[in-house]
Amino acid sequence: MRLRDTAEESEFRARLRAWLATHVPRHHGGTAPGDWTKALHAAGYTGLTWPAAYGGRGLPPTYQAIYAEEAALAGAPDHVNVIGLGMVGPTIVSHGTPEQQRRFLEPILSGDFVFCQGFSEPDAGSDLASVRTRAVATDDGWRVTGEKVWSSYAHQADWCLLLARTEPGSTAHAGLTCLLVDMRSPGVQVLPLRQSTGDSDFNQIVLTDVAVPHDCVLGPVGEGWRIAMTTLAHERGTFGITLTARLAVEFDRLLGTVRDLGLADDPAVRADVAELYVQLQGLRWTGQRTMATLARTGRPGPESSILKLHWSVTNQRLAALALRLLGPAAMLHGPDSHAAGHWQHLRLRSRANSIEGGTSEILRGIIAERVLDLPRTR
Amino acid sequence: MDFALTDDQRELAAAAARLLADRYPVERVAELADSCGTDPGTWPLLRRQGWCDPELGMVEKGLLAQESGYALAATAWWSTVGLAHPVYRAAGRGLPADPLTLAWQDDPAGGGCRAARHGSGWQLTGQRALVTDATTASALVVAADTDDGIALFAVRSPAAGLTIEAQPTLERLRGAARLHLAETPGELLVAPETAGQVLADTRRHAGTLLACEAVGVARRALDMARRHAVDRVQFGRPIGAYQAVAHRLADSYVALELATSLALRACWLDGTADVDATTVEHAHAEAVIASRQAAVQACESALQVTGGLGATWEYPLHWWYRRALWLDSFDTRTRTHLATLADHLLTAPPEPAGQAAG
Ligand SMILES: Cc1cc2nc3c(=O)[nH]c(=O)nc-3n(C[C@H](O)[C@H](O)[C@H](O)COP(=O)(O)OP(=O)(O)OC[C@H]3O[C@@H](n4cnc5c(N)ncnc54)[C@H](O)[C@@H]3O)c2cc1C
């Protein structure tokens, strides 16, 4: 057990920090979606933990945690590449053919392929296994027709990891297949959806007879559920490290707001802030335990199942506390509002934290079933 | 960074769990608690298994504390290793082989304890309260005021003028006692120059072990609840198949894992050289806050999930709940720990030197 950076880790951290300090400011506002990833890649900061054979650096998982912390501190524009680098890439490493690995992994790392995730549908949310988007076999592959919703960054994506029903008449988990869909294929239509914050980061994707060749089937036909679960495991597990690093930055901002508003001596505020800090520290160090288990055994331990769930709870509490600090000024939402409306935005946005990537109810069910060995609740 | 137990640490914890499971089946825990009993028979076994080894690391001690909480072991191990040994170590003394404890808390009813020179030695007079495992201890470390400030003394038990009065307690396996001392001979262990600091460090060290113990209590309560949720059938299904039950237990699990991480981290920092004192102190506060929450929450959820059974004297869960409540209240209050953290987080950085003047 060693709860501090090794000499190599500190050196990596210091270099990364210096690099971020010069490069993050150049990428704020208005650059093309893959540009940040391209810059990261050129500097050797993508695919830190991917095997060297797939263009990664083959470093232990702790380096990914250092990256997450430093990138969050520096305010790196990391959102767009998260799906490709954090979820789809590792899924292709686990389940792709050698040809797919050659074709997709390098461009994901280099920012040439931005990915989105097309799982949810109007009638398949928590009950993801009821997807209806159907793929019909053709001589060359598959023809896909259906509708996906809530697909983050689909409007900026080059590719989509899509879950579709390939076996007519099948139900639930059987008969599903994961497809790699070129977003520029004829028949793909992306319609932005407006979020409650007013932003448009997620989309509806309408697919009409979209041709997907054989070599774009990820994993065996009919086993899409297992493949999709690999992607979700990354989203709900180790991605928690990145989420926690961002939460830590929000927490520092909260401290700034407390001081700016002259509330640093208010006993109730002090207790709330300290209590929140304990939750943040718990998440941070549980994330480190997850990384250590991953490094040793190749898979995260059961404790990883709490990360996304408790992050969402804590982020929501933080946002609520911050906005309440503002008092009546919380209602102002414009250029003259405190911190340019940051807390107003976060308060609204944070409510989706317990929905995106699996709702808190679904995640509690997973802990109950898989970790606590309780009977199925559904 | 490597936040994982070593194989040796894992084995140590597993061996401890086996020993305690053997010594303390649940009926025995209930029987001992029922009779406010102690179990001196386990002490030699613990010593043989290395529980009191001076070289034992802090993470290792934390693991033993976790297992003690899980089993609700009726031993004076924590009082001895957590509270008394650090004082002997600070005094440069060898560690006595028998159970010990530390008495430093004032009686809420008033009355402290004073020490005065008597010939070449010292005599102590007054009271100390809320002393844990006092009846089994062969010697008591007593904090007493001298003309130069507080100092720490070793008092043998029994001794002239020493009475140990058991105080009725909610939690019955660790107990609390009031000490009455009347010109009782004491041997100076730590002189006033350093005694204040030694006492503070000792309380922190012992408190970090209690955070680990609380993790063990939480884990046991969750285990009991989980077992019941699988076995108990209502409306034709095991009650664990109802979300209101399952999700409650999932939340206990979340709190348990957060506390586990923070308690182990606090141990590691406490036992590692060249970590700055404030980091150790804050990690301690975080661990105590999180582990108290986890233990109380796990027990209360378990009480809900076990229904009427959990409300009975016979169902043993309440013994763990009582321990959780003891842990939640022993020594420094949660709000004081929160205040320590708030001070650290919200105290404005000092003015740059040179600007403050004028
Ligand atoms: C900001 C954001 C980004 C997203 N990005 C993506 C993306 O990139 N790709 C993608 O595929 N999807 C994405 N999603 C979709 C997300 O995964 C789904 O919204 C989520 O899985 C819930 O599905 P739903 O919206 O249909 O809600 P529903 O499943 O209808 O759930 C509604 C409510 O009912 C509860 N509920 C449902 N079933 C049960 C049950 N069995 N027991 C108890 N409670 C239940 C839920 O917990 C929830 O509170 C995103 C969502 C959001 C908000």
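The values are calculated or read from the model by the stated rules, or taken from the named source; none is laboratory data. Please read all numbers here as calculations on a predicted model, not as lab measurements. Note: ideal-geometry Cβ built from the backbone for every residue, glycine included; neighbour counts use all protein chains shown. Accessible surface is based on the protein model in full, side chains and every heavy atom, while ligands, DNA and RNA are left aside. Shrake-Rupley method; radii C 1.70, N 1.55, O 1.52, S 1.80 Å.
Things to note:
- Filtered residues of segment A:296-330 (kept if open to solvent by 60 Å² or more (accessible area, probe 1.4 Å), in contact (Cβ under 8 Å) with a residue 24 or more places away in the chain and facing chain B (nearest Cβ under 9 Å)): A:Pro302
- Residue list for segment A:259-278, restricted to those being among the acidic types (Asp, Glu) and either more than 10 Å from chain B (Cβ to nearest Cβ) or in contact with a helix residue (DSSP H, G or I) (Cβ under 7 Å, 6 or more places away or on another chain) (or both): A:Asp260, A:Asp272, A:Glu275
- All of A:Ala352, A:Ala319, A:Ala340, A:Ala329 fail the test of being more than 24 Å from the chain's Cα centre (by Cα) and within 28 Å of A:Asn203 (Cβ to Cβ), apart from A:Ala340.
- Residues of segment A:12-26 that turn out to be touching a residue at least 40 places away in the same chain (Cβ under 8 Å) and either buried (at least 18 other Cβ atoms within 10 Å of the Cβ) or basic (Lys, Arg) (or both), as a count: 6
- Taking segment B:218-251 as the range and being in contact (Cβ under 8 Å) with a residue 40 or more places away in the chain, of a type outside the set (A, V, I, L, M, F, W, C) and over 25 Å from B:Glu27 (Cα atoms) as the test, the residues that pass are B:Arg248, B:Asp251.
- In segment B:248-358, counting only helices (runs of 4 or more DSSP H) that sit wholly within it, the ones holding 2 or more residues that are within 12 Å of chain A (Cβ to nearest Cβ) span B:277-305, B:334-346.
- Subset of segment B:108-134 that is open to solvent by less than 10 Å² (accessible area, probe 1.4 Å) and assigned to a loop (DSSP other than H, G, I, E, B) - its residue that is farthest from B:Leu83 (Cα to Cα): B:Ala134
- Residue within segment A:96-111 that is within 13 Å of the ligand (Cβ to nearest atom), in a loop (DSSP other than H, G, I, E, B), surrounded by fewer than 17 Cβ atoms within 10 Å (Cβ to Cβ) and in contact (Cβ under 8 Å) with a residue 12 or more places away in the chain present: no
- Single condition A:Arg184 does not satisfy, out of (1) more than 14 Å from the ligand (Cβ to nearest atom); (2) part of a loop (DSSP other than H, G, I, E, B); (3) more than 14 Å from chain B (Cβ to nearest Cβ); (4) at positive phi: (4)
- Selection count where residues are within 12 Å of the ligand (Cβ to nearest atom) and assigned to a loop (DSSP other than H, G, I, E, B), scope segment A:195-210: 6
- Of the numbered criteria (1) open to solvent by less than 20 Å² (accessible area, probe 1.4 Å); (2) closer than 16 Å to B:Met58 by Cα, the one B:Ala255 fails is (2).
- Members of segment A:336-378 that are open to solvent by 20 Å² or more (accessible area, probe 1.4 Å), free of Cβ contacts under 8 Å to residues at least 60 places away in the same chain, closer than 30 Å to B:Gly240 by Cβ and away from chain B (no Cβ under 14 Å): A:Ile355
- The one condition from (1) surrounded by 24 or more Cβ atoms within 10 Å (Cβ to Cβ); (2) part of a loop (DSSP other than H, G, I, E, B); (3) not aliphatic (A, V, I, L, M) that A:Pro168 does not meet is (1).
- Within segment B:190-227, tally of residues that are open to solvent by less than 30 Å² (accessible area, probe 1.4 Å) and under 19 Å from B:Ala295 (Cβ atoms): 17
- Test for A:Asp158: is it under 23 Å from the mean Cα position of the chain (by Cα), more than 13 Å from the ligand (Cβ to nearest atom) and not aliphatic (A, V, I, L, M): yes
- Among the residues of segment B:1-18, those that are open to solvent by less than 30 Å² (accessible area, probe 1.4 Å), free of Cβ contacts under 8 Å to residues at least 60 places away in the same chain and either farther than 30 Å from A:Gly298 by Cα or within 14 Å of chain A (Cβ to nearest Cβ) (or both) comprise B:Ala4, B:Gln9, B:Ala13.
- Number of the exception - A:His333 against (1) touching a residue at least 24 places away in the same chain (Cβ under 8 Å); (2) away from chain B (no Cβ under 14 Å); (3) surrounded by fewer than 19 Cβ atoms within 10 Å (Cβ to Cβ); (4) not basic (Lys, Arg): (1)
- Considering only residues in segment A:121-138 that are surrounded by 19 or more Cβ atoms within 10 Å (Cβ to Cβ) and of a type outside the set (A, V, I, L, M), the one that is nearest to the ligand (Cβ to nearest atom) turns out to be A:Glu121.
- When B:Ala33 is tested against (1) among the aliphatic types (A, V, I, L, M); (2) open to solvent by 30 Å² or more (accessible area, probe 1.4 Å); (3) away from chain A (no Cβ under 14 Å), only condition (2) is not met.
- Residue in segment B:105-118 that is more than 23 Å from B:Arg178 (Cα to Cα), in contact (Cβ under 8 Å) with a residue 12 or more places away in the chain and hydrophobic (A, V, I, L, M, F, W, C) present: no
- Qualifying positions in segment A:139-155 - open to solvent by less than 50 Å² (accessible area, probe 1.4 Å) and within 16 Å of the ligand (Cβ to nearest atom): A:Val144, A:Gly146, A:Lys148, A:Val149, A:Ser151, A:Ser152, A:Tyr153, A:Ala154
- The residue pairs whose first member lies in segment A:118-131 and is over 18 Å from A:Ile227 (Cβ atoms) and among the hydroxyl-bearing types (Ser, Thr, Tyr), whose second member is near the ligand (Cβ under 8 Å from one of its atoms) and not in a strand (DSSP E or B), and whose beta carbons are closer than 6 Å, counting only pairs six or more residues apart or on different chains, are A:Ser126/A:Thr359; A:Ser126/A:Ile362.
- Positions within segment A:212-230 being surrounded by fewer than 20 Cβ atoms within 10 Å (Cβ to Cβ) and on the phi > 0 side of the Ramachandran plot, in sequence order: A:Gly222
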